């Protein structure tokens, strides 16, 4: 399999591992819910590389569908972007904060250096049956395809869908009037992904009026004006040999005949009509060519009062189509290049339409997150007075979070930027066990922070440097631990005042703060 070599690759291919965990800080004022929670619909403001890392303790392996629309890297005025990843490399450090434009001879290298660590974290977040959709155009499509083949493997490539973005105009184009971009589709594990179908429209489904133990169907005629099947003969009930252009292949027809799925009717002119049960399938397939009904549409934004012009805006109908095909009613959908919030809009409309319970996670770093991204979602939920299409809201909630300080063990020694008990528990539990953290399990009084396959985990901690200096795991604390459940106890504390035989007696593996925590393998 071909691999892609680009400037900076050796420095960024493991950069996602070096990204520090950050706190996710709730903002009740900007949320639209009575109870702010990381298990609600989420809008998170902050650098998406850091936010994706911060989401791992709660959502690793839980995301069912990812829809992202990264910068197309056109180099034009509208397509400029800034490289901001603080990678441990003098060469890459020279890129920091600089606009990437068309005159930049390393713009493709920088784009790939930006994408690689984010795609690796997205893969960690993706469910085993999950699918990722990436919108891109010709500027980076060829590079992205090879990079995705490397990260997700070529065997998990599901398709490249050209999408018509506009029609007409283009007289000023240098070579061709470009009217398309692409949606690249990959699975985390293609063999585990259910077939992608769009549910049938009610107008289409109405023709399936008959029903038996195998489902709905209607009687369809075998004869067509043209067909690709190899010609064969059918014997009618009276022995007449029928020839024609048959819709079904001979092998399929004979199997249908044996199962009672075929009937013969005499027409008024005395000839035979051969009919078969046309069964209603799971749905319809997404077409590989995404046509006019999914063109970019700035007018959608204008109904929400969004005056900012976004490059290559994606219509809600397109995102709904992709989500419907790849998720069930309880799926979690992530968009880490959220822009104006189209993905949240699509999820909320689907939930209203089919009474489902899908959830969205939006991540956006720009300063317009509250003003545009979140405000659009608020209007989708509550409705827009006097709007042509959105006067009635979808209902729903979301919790707004901001990227907080890093969670660093060294800070405990200095008493600076101390995380809350819950945020520290989230970090420690996931880092030590590699399993999902459930904040509902926390009991700050007993120190219990969760149970993994091999451990019961406890944390003795307060966000107070004086408390940390004076407290430790003592014999009294060992005795006060809840009843033993036949699992080793993993205990985090600033220090211990008990010896190793006591730890062994109480089945405790002790991890001292503030030392760096490593993933424990047993």
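Computed from the coordinates by the stated procedures, all read-outs in this text should not be read as laboratory data. On a predicted model such as this, the values are computed, not experimentally measured, just so you know. Cβ: placed from backbone, ideal geometry, glycine included. Neighbour counts: every protein chain shown.
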Counting only DSSP beta bridges fully inside the chain, the antiparallel percentage to nearest 5 is 55 percent
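Need one word for the stretch 22-108: rounded, prolate or oblate. Basis is the Cα gyration tensor (sqrt eigenvalues a ≥ b ≥ c); a/c below 1.5 gives rounded, then a/b vs b/c decides. Don't skip to the end; give the middle numbers.
Numbers: a/c = 2.31, a/b = 2.00, b/c = 1.15.
Since a/c reaches 1.5 and a/b is larger than b/c, the shape of the stretch 22-108 is classed as prolate.
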Strictly greater than 28 Å: what percent of every Cα pair in the stretch 1-151 meets that? 24 percent
The distance between the Cα centres of the stretch 244-262 and the stretch 457-472, in whole Å, is 75 Å
Can you give the Rg to Rh ratio of the stretch 407-512, both from alpha-carbon atoms, with Rh computed by the Kirkwood formula? 0.94
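Using helices alone, what [θ] at 222 nm do you get for the chain, with -39,500 (n - 2.57) per DSSP H run of 4 or more residues, divided over all residues and rounded to the nearest 500?
-7500 deg cm²/dmol
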Please give the Cα centre distance for the stretch 7-63 versus the stretch 185-208, rounded to the nearest Å. 30 Å
Just the Cα atoms of the chain: what Rg and Dmax do they give in Å? 28.8, 101
Rounded to two decimals, what ratio of Rg to Rh does the stretch 202-279 give with C-alpha atoms and a Kirkwood Rh? 0.98
Using only C-alpha atoms and all pairs of different ones, pull out the Kirkwood radius for the stretch 2-59 in Å with one decimal. 13.9 Å
Which FRET efficiency, nearest 0.05, do residue 462 and residue 13 yield, Cβ-Cβ r, R0 35 Å? 0.35
Using the 10 angstrom Cβ neighbour count as an exposure proxy, how do 22, 5, 108 rank, fewest first? 5, 108, 22
Antiparallel DSSP bridges in the stretch 407-512: what percent, to the nearest 5? 25 percent
Taking r as the C-beta separation of residue 82 and residue 392 and R0 as 41 Å, the FRET efficiency to the nearest 0.05 is 0.55
Quick one: order 401, 176 by neighbouring beta-carbon count within 10 Å, fewest to most. 176, 401
When a footprinting reagent is the concern and you count Cβ atoms within 10 Å, what order do 365, 91, 115 take, fewest first? 91, 365, 115
Can you give me the C-alpha center-to-center distance between the stretch 331-394 and the stretch 79-136, rounded to a whole angstrom? 26 Å
Taking each pair of distinct Cα atoms in the stretch 340-403 once, what is the resulting Kirkwood hydrodynamic radius in Å? 12.2 Å
